[in-house]
1. Can you tell me which residue among Thr200, Thr248 is of a type in the set (Val, Ile, Thr) and more than 18 Å from Glu25 (Cα to Cα)?
2. Of all strands (runs of 3 or more DSSP E) completely enclosed by the range 267-323, which ones contain at least 2 residues that are open to solvent by less than 10 Å² (accessible area, probe 1.4 Å) and aliphatic (A, V, I, L, M)?
3. What number of residues within the range 200-232 satisfy the criterion of being open to solvent by less than 30 Å² (accessible area, probe 1.4 Å) and in contact with a Ser or Thr (Cβ under 9 Å, 6 or more places away or on another chain)?
4. Pairs under 6 Å by beta carbon, first residue in a helix (DSSP H, G or I) in the range 151-177, partner among the acidic types (Asp, Glu), six or more apart or different chains?
5. Starting from the range 119-130, take each residue that is within 16 Å of Leu168 (Cβ to Cβ) and modelled with pLDDT of 90 or more and list its partners that are among the basic types (Lys, Arg) and open to solvent by 10 Å² or more (accessible area, probe 1.4 Å), counting only C-beta distances under 7 angstrom and pairs at least six apart or across chains.
6. Restrict the check to the range 74-91 and report whether at least one residue is in contact (Cβ under 8 Å) with a residue 60 or more places away in the chain, out of contact with any Leu (no Cβ under 7 Å at 6 or more places or on another chain) and not hydrophobic (A, V, I, L, M, F, W, C).
7. For the range 178-199: of the residues being open to solvent by 20 Å² or more (accessible area, probe 1.4 Å) and modelled with pLDDT of 90 or more, which is farthest from Leu299 (Cα to Cα)?
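The values are calculated or read from the model by the stated rules, or taken from the named source; none is laboratory data. Keep in mind that what you see is a predicted model, and the values were worked out from it rather than measured. Cβ placement follows ideal geometry from the backbone for every residue including glycine, while neighbour counts extend to all protein chains displayed. Protein only, heavy atoms only, side chains kept; ligands, DNA and RNA dropped before computing areas. Shrake-Rupley method; radii C 1.70, N 1.55, O 1.52, S 1.80 Å.
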Amino acid sequence: NVFLRYESMKQHEQSFNSKILLFGEYSIIQDSMGLTLPYNEFKGKLTYDTAAINEHFVTESNDHLNDFANYLQHLIDTQQLAVVFDIQAFKTDIKKGIYFQSSIPQGFGVGSSGALVAAVYGKYVAHKIDFENAPNKQAILELKAVFAKMESHFHGNSSGVDPLICYLNLPLLIKGKDGIEPVKISLNNEGKGAIFLIDTGIARSTEPLVKYYMQRMEEPTFREFVDKQLKPFANNCIQAFLDGDKETLFAYMKLLSNFQFEHFKPMIPKLFNKMWKRGLDSGEYYLKLCGAGGGGFILGFTKNYELTKKQLKGQNLELLCSI
């Protein structure tokens, strides 16, 4: 149960976990709830250590940091960054060869840019909000706003949620634009069931998939499907998960999985269509998008993980937690 071990990390280590958006992909754009969790299987940190890293990767990462520093300089010059940021120290460190050493796969929806933003904030911002203490709602919203500005460099537009969870290393419940709070997970993790990841082996870009979704939202019929089906399915999954109610969780997971299979075809890699439908038909497991879809990881929910592993033999499965 890797993402249920969310002990606080030490500030001086400057190592930041990846994240998983468990529920709320796409529907969160229409103000459904969202539930995002730290995932400590992958992490990243700012470092000079090049001993075990490919030289090309180090150079490329350093170049990306230089581009990021120029972007942050623009935010500072135009007074768009509401923090005291030591941009000179950042630029000096870049010249000395600092880079972002990361095991977080890019284009897989687990927060590679979020962890980088969290690391840069943690190292170069004065009077920063300390994640060792449970921050209040106001502090969380302030952090989210700063992170949204910073991460926009990577996505064109950002909610700030990804860096926020990478920085706080806590499960966060999202309720609309300004409703965000840390939550405790009460799901019994001693059952035969599991939540797991399938690695599709396909990197993807979020932007075109979100663009496709926004175009579909202009169709009244599709918008109604989202409002009357997708949003309630996602909200009920989240509530059941937080309540530790497995029966309700799986009932709504089936509905959510079926909705995505019917309406989000471009987001599901073609090679996984048969596997997705097999789970729906058999009821042995249910699959859903992890983030934007189109590749990266797929999330799976099952009441019997050992059986599902046999059914999905040959797939690259990663256990998130037992339930």
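1. After applying the criteria, what remains is Thr248.
2. The strands (runs of 3 or more DSSP E) meeting that bar are 285-289, 297-302.
3. 2
4. From residues that are in a helix (DSSP H, G or I), the pairs are Pro163/Glu151.
5. The qualifying pairs are Ala119/Lys45; Tyr121/Lys128; Gly122/Lys128.
6. The answer is yes, given that some residue of the range 74-91 is in contact (Cβ under 8 Å) with a residue 60 or more places away in the chain, out of contact with any Leu (no Cβ under 7 Å at 6 or more places or on another chain) and not hydrophobic (A, V, I, L, M, F, W, C).
7. Once the filter is applied, the top-ranked residue is Lys192.
Matching residues to (1) within 20 Å of the chain's Cα centre (by Cα); (2) over 15 Å from Gly291 (Cα atoms); (3) in contact (Cβ under 8 Å) with a residue 60 or more places away in the chain:
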site	(1), (2), (3)
Phe196	yes, no, yes
Ser205	yes, no, yes
Lys211	yes, no, no
Thr221	no, yes, no
Leu230	yes, no, yes
Gly244	no, yes, no
Ala251	no, yes, no
